[in-house]
């Protein structure tokens with residue numbers, strides 16, 4: 001009587017082939033995931049820049065001018081420091097002033113001056129990357145760094 005099935009050697013050969021394929025494809029898949037996270041972060045940074053531009057445009061339409069404005073992100077929380085031009089006083093609030101979609105950055109800042117120039121340095125911990133944008137830049141610059149090196153030193157209440 002003939003037995004059906006695989007021998008131990010055949011099973012080990014199949015397992016070895018699967019292990020080789022997994023060894024080759026795993027780094028490729030991880031690179032694709034890392035690139036996807038970086039691209040999503042860059043898109044989110046561009047969306048924040050557009051939201052800051054929209055805020056600047058809308059302040060003069062609504063006559064609710066809060067400029068210069070420094071938005072600070074820290075552990076997914078937002079703090080805003082600005083000059084209230086109606087009272088000419090420095091104010092701080094945790095209320096969201098710039099309306100945006102997407103994820104809140106892990107840390108960093110967005111600064112809008114009285115002329116509408118926008119400076120941005122925001123950080124993503126997952127990919128250890130800082131996204132920066134200065135006035136006149138057409139796109140966001142991405143740089144691998146740590147969170148301490150991804151901040152702006154602008155203070156809207158100094159002067």
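Name the residues in region 9-31 that are loosely packed, with under 10 Cβ neighbours inside 10 Å and under 30 Å from residue 122 (Cβ atoms), would you?
Scanning region 9-31 gives 27, 28.
Restricting to region 101-112, name every residue that is under 12 Å from the mean Cα position of the chain (by Cα) and buried (at least 18 other Cβ atoms within 10 Å of the Cβ).
Matches in region 101-112: 105, 107, 108, 109, 110.
Name the residue, out of 115, 149, 134, 94, that is loosely packed, with under 15 Cβ neighbours inside 10 Å, free of Cβ contacts under 8 Å to residues at least 60 places away in the same chain and under 17 Å from residue 43 (Cα atoms).
Of 115, 149, 134, 94, the one residue that is loosely packed, with under 15 Cβ neighbours inside 10 Å, free of Cβ contacts under 8 Å to residues at least 60 places away in the same chain and under 17 Å from residue 43 (Cα atoms) is 134.
Considering only region 46-64, I want to know if a residue exists there that is exposed (fewer than 11 other Cβ atoms within 10 Å of the Cβ), within 20 Å of the chain's Cα centre (by Cα) and not in a strand (DSSP E or B).
No: zero hits.
Check off (1) farther than 25 Å from residue 148 by Cα; (2) touching a residue at least 12 places away in the same chain (Cβ under 8 Å); (3) crowded, with 17+ Cβ neighbours inside 10 Å for residue 85 and give me the number that stays unchecked.
Result: residue 85 fails condition (3) only.
Exactly one condition in (1) within 10 Å of the chain's Cα centre (by Cα); (2) on the phi > 0 side of the Ramachandran plot is false for residue 124; which is it?
(2)
No lab work stands behind these numbers, since they all come straight from the coordinates. Model, not experiment: these values are computed from the prediction. For neighbour counting, all protein chains shown are included, and Cβ atoms are generated from backbone atoms with ideal geometry for every residue, glycine included.
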